[in-house]
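Following: one structure in structure tokens, then a few remarks.
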Amino acid sequence: MKTKVAIIGSGNIGTDLMIKIIRLSESLEMAVFVGIDPASDGLARARKMGVTTCHTGVDGLIKMNEWEDIKIVFDATSARAHLYNWEKIKAFPDKKMIDLTPAAVGPYLVPPVNFLDNMDVSNVNMVTCGGQATIPIVAAVNRVAKVHYGEIVASIASKSAGPGTRANIDEFTETTAQAIEKVGGAERGKAIIVLNPAEPPLVMRDTVFTLSEQGDREAIRNSIHKMVEEVQKYVPGYELHQEVQFDDIPESEPVFIEGLGLRHGLKTSVLLKVKGAGHYLPEYAGNLDIMTSAARATAERLIDENY
Amino acid sequence: MSKIYIQDVTLRDGMHAIRHQYGKEKILEIAIALDKAGVDAIEISHGDGLAGGSFNYGFGKHTDWDWLEGVSEQLHHAKLTTLILPGIATIRDLKKARDLGVESVRVATHCTEADISPQHIAAAKELGMDVGGFLMMAHMNNPSDLAAQAKIMEDAGADCVYVTDSAGALLMDGVADRIKAFKDTLDDSTEVGIHCHHNLSLGVANTIVAMQHGANRLDASLAGMGAGAGNCPLEVLVAVLNKMEVTHNSDLYQLMDIADDVIRPLQTRPVRVDRETLSLGYAGVYSSFLLHSEQAAKKYGLDTRSILNELGKRKMVGGQEDMIVDVALDMLANKRP
């Protein structure tokens, strides 16, 4: 029997996640799709797909008959709204929350890296799109050679960045940088996001740079390739766009990293491309796809482990 | 017209020309000399703004905080200013700069993405700072749409909005049309600024054209010290303003001396119009890509110009330095039999 889930938030992320669950999931059943604007495109889409909807937010949701059977709630609203939603939902200990906002009330979760550490937690946070795309790579290097510094650059098509992302861009840089450290294992993390308005829109690109101790380059390369395969299991459009690049940062010419001082070692550069599945937004929106796919993968694994 | 306000960018844009390697003492020495010579504002930070130090843009010799510390106390006339790019630095960084005596900041976005700046502009106003909106790669947006972006920055609280020709790709008409659109769209109380790159040798001419159409905040740097073929050279601009009998606060001969005696000797790669920097202007590519592209060309045995042209074709915007190696690797793969 499928496990019933609800999604709060009828923007790009919530709607894309709903489509993925309906079309792809063998273990999740879309029970209620929740928004706050009855005229929103997302709610209209849900009604058209035959999904029960609610336009009065979390307060409406918890009064519905469907509420009792729902086991997992996805929050695709905003950081501020998540704090409110979580206040309401944490009163129900049988429900788990998967938070796709930058609120990060619960621990960061990147499925192929730290799922097992967090499967008993009642509220997990999915970091950011850039974090989901890059932190697996930082962790892949770190499991072979200790990473001193991890830096990521996420380039996304302007059309795929909704108003929420745009108005709160610091949340992206700060949350991603923290998760590079906490989940990726880097001593220090840095995140950069660039919006590119080119037409036709460019597919999401993510670049990871790490400075690690000197390690076996072949082992690092293999570790990265294996990790890419892990991510591809739930994001088919995720790919290594170029072969892994290495540069030696010799002790005689160290780099000065804020917070770490002068460091040397091995620089690894990984150029990724994330093509979306084209469910709600077109293929260029890999940023949307990787976020919703990671949330779906997390929910499915939670079910495998818990129920 | 509002009073002419000259902002020096030698210690910010000039960072690009020397891979962000100014020593702390050099920064202080140059800032003091610029203040004495009467420039109105001195911008200091990593070339890519606060917290720009990274693999992607190059690590600085110092942190922004080390560069900024102790400068404001030494300035008598000039305002200490800095730059922030939302997406790279955060409001937390801005507050740190404010605590170090920075009075004015420019919040920079790509010319179509002004709506990622209101949070930072509002935060800077709350901190009591003078704020400029900085619309980069201005040649990639048409005058009326660019002015609409400027309006977003004005609405968020910007005191001034700039036409920022990051690629040094605009011709004089292009500058005039954009400044005119700003003047038509923005409130009379909002100032308009111009920031040029000299890639097509139009740095001074474009700055003057902008001024003649109502821009009063003019960016320039000593000996043009800046990304690509550099910025509008400050000493030349001041000489031209003198000949035009435009009132300003700067002293020509002092600026000439700092440019030649202090700045030029620092330039490890000459800042000038040559085939590579001309290609930036010609292809409309972000000037800061220059040294990174030269480095990639060297590493992978490719021609810098071809890399720059391809970056232009792919419509890469400021900040996408990581795509330089990507382009180089694609070119290398296509070269192989």
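The values are calculated or read from the model by the stated rules, or taken from the named source; none is laboratory data. All figures in this text were calculated on a predicted structure; none of them were measured in a lab. Cβ coordinates were reconstructed from backbone atoms using ideal geometry, including for glycine residues, and neighbour counts include every protein chain displayed.
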Residues being crowded, with 20+ Cβ neighbours inside 10 Å, more than 8 Å from chain B (Cβ to nearest Cβ) and over 18 Å from A:ILE13 (Cα atoms) - total across the stretch A:160-180: 3
Candidates B:MET323, B:MET316 - the one that is outside the structural domain of B:ARG12 (by TED's automatic domain parsing), buried (at least 19 other Cβ atoms within 10 Å of the Cβ) and closer than 23 Å to B:GLY203 by Cβ: B:MET316
Unmet criterion (only one of (1) under 20 Å from the mean Cα position of the chain (by Cα); (2) of a type in the set (Gly, Ala, Ser); (3) within 13 Å of another protein chain (Cβ to nearest Cβ)) for A:GLY265: (1)
Index of the failed condition, A:VAL73 passing every other in (1) closer than 29 Å to A:GLU171 by Cα; (2) part of a helix (DSSP H, G or I): (2)
Residues located in the stretch A:210-261, provided they are crowded, with 16+ Cβ neighbours inside 10 Å, under 21 Å from A:VAL153 (Cα atoms) and either touching a Phe, Trp or Tyr at 6+ places or on another chain (Cβ under 6 Å) or of a type in the set (Phe, Trp, Tyr) (or both): A:LEU211, A:VAL231, A:TYR238, A:VAL255, A:PHE256, A:ILE257
Top-ranked residue in the stretch A:248-262 [being among the charged types (D, E, K, R) and part of a loop (DSSP other than H, G, I, E, B); ranked as nearest to the chain's Cα centre (by Cα)]: A:GLU258
Matching residues in the stretch A:34-66 - criterion: being touching a strand residue (DSSP E or B) at 6+ places or on another chain (Cβ under 8 Å), assigned to a helix (DSSP H, G or I) and not β-branched (Val, Ile, Thr): A:GLY42, A:LEU43, A:ALA46, A:ARG47, A:GLY57, A:GLY60, A:LEU61, A:GLU66
Within the stretch A:181-205, considering residues that are more than 10 Å from chain B (Cβ to nearest Cβ) and either of a type in the set (D, E, K, R) or part of a strand (DSSP E or B) (or both), the one nearest to B:MET316 (Cα to Cα): A:MET204
Qualifying residue in the stretch B:240-256 (condition: within 29 Å of B:LYS24 (Cβ to Cβ), buried (at least 24 other Cβ atoms within 10 Å of the Cβ) and more than 18 Å from the chain's Cα centre (by Cα)): yes
Residue, nearest to B:LEU222 (Cα to Cα), within the stretch B:269-278, restricted to residues that are in contact (Cβ under 8 Å) with a residue 60 or more places away in the chain and surrounded by 16 or more Cβ atoms within 10 Å (Cβ to Cβ): B:VAL271
Filtered residues of the stretch B:45-57 (kept if in contact (Cβ under 8 Å) with a residue 40 or more places away in the chain and not hydroxyl-bearing (Ser, Thr, Tyr)): B:GLY47, B:ASP48, B:GLY49, B:LEU50, B:ALA51, B:ASN56
Pick from the stretch A:103-127, criterion touching a Phe, Trp or Tyr at 6+ places or on another chain (Cβ under 8 Å) and modelled with pLDDT under 95, ranking: surrounded by the fewest Cβ atoms within 10 Å (Cβ to Cβ): A:VAL105
1 or more residues away from chain A (no Cβ under 11 Å) and over 27 Å from B:GLU235 (Cβ atoms): qualifying strands (runs of 3 or more DSSP E) within the stretch B:21-125: B:104-110
Criterion: in contact with a helix residue (DSSP H, G or I) (Cβ under 9 Å, 6 or more places away or on another chain), at pLDDT 95 or above, basic (Lys, Arg) and more than 21 Å from B:ALA169 (Cα to Cα) - qualifying residue of B:ARG275, B:ARG264: B:ARG264
